[in-house]
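Worksheet for the structure shown next.
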Amino acid sequence: MVSMSHPLDSTLGPMAPFVSQLLAELAATGVTISRPTVDHLCYRAATLQEYCALCAVLAEAGSLLVEGMIGGRPIATYQLHQPLLAGEVQVPCIELAAPKPGRVHQAGLEHIELVVTSLQDLVARYPEQPFKTGNMQDTRNPDIGLMLPSGQIKFHLRPLAEVIAEEVATGAVVAVPADYFDQE
């Protein structure tokens, strides 16, 4: 699988090898996804300072689709001007997660998300896999997760950019409080 380097690799770490490695680990579990659609990868910042610095870097590499509060911390999603290429797989978006308050996080590439037609079918087809199904009932963007040695793969039904467009259009985005970044 030919992985193209990306201008952001020097900042975030080698992204295409991360995507390729996770897809290889997924295949090794016996879970088969033909022509996987990876709609984004996620980088988790260790500190709010790192998060703010990376927002500035990503703003030059892509267009901000949304920044909002999810799970008690800001998450920003950017549509990359130059999609990431990992072999046949194109990854159009990157999600940047700030650390959750009170938690220590290792900075780095954390997960990729694949679009699948049915979460129920995936779980039913691979009952031996320890899927995390806690978000399966989420109304807007249900997902399931699978922890692998190099990170997590999450599966959901619609591309993230589409979900974000709907959230923005319906006013569902929770704004980051104006003073949120004053706490460092």
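Numbers at a glance
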item	result
Residue check, residue 114 farther than 18 Å from residue 76 by Cα, part of a strand (DSSP E or B), among the hydrophobic types (A, V, I, L, M, F, W, C) and modelled with pLDDT of 90 or more	yes
Odd one out for residue 147, checked against (1) crowded, with 17+ Cβ neighbours inside 10 Å; (2) part of a strand (DSSP E or B); (3) without any contact (Cβ under 8 Å) to a residue 60 or more places away in the chain	(1)
Residue 41 vs. criteria on the phi < 0 side of the Ramachandran plot, touching a residue at least 40 places away in the same chain (Cβ under 8 Å) and open to solvent by less than 10 Å² (accessible area, probe 1.4 Å)	yes
Residue check for residue 46: more than 21 Å from residue 114 (Cα to Cα), open to solvent by less than 60 Å² (accessible area, probe 1.4 Å) and not in a helix (DSSP H, G or I)	yes
Among the residues listed as 64, 58, the single one being touching a residue at least 24 places away in the same chain (Cβ under 8 Å) and hydrophobic (A, V, I, L, M, F, W, C)	58
Set 90, 82: member being in contact with a helix residue (DSSP H, G or I) (Cβ under 8 Å, 6 or more places away or on another chain), among the polar types (S, T, N, Q), in a strand (DSSP E or B) and closer than 27 Å to residue 169 by Cβ	82
Those residues of the stretch 89-140 which are free of Cβ contacts under 8 Å to residues at least 60 places away in the same chain, closer than 25 Å to residue 16 by Cα and exposed (fewer than 10 other Cβ atoms within 10 Å of the Cβ), in sequence order	117
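The values are calculated or read from the model by the stated rules, or taken from the named source; none is laboratory data. Just so it is clear, the model here is predicted, and its values are computed rather than measured. All Cβ positions, even for glycine, are placed from backbone atoms using ideal geometry, and neighbour counts span all protein chains on display. Side chains are part of the model used for accessible areas, which takes the heavy atoms of the whole protein and leaves out ligands, DNA and RNA. Shrake-Rupley method; radii C 1.70, N 1.55, O 1.52, S 1.80 Å.
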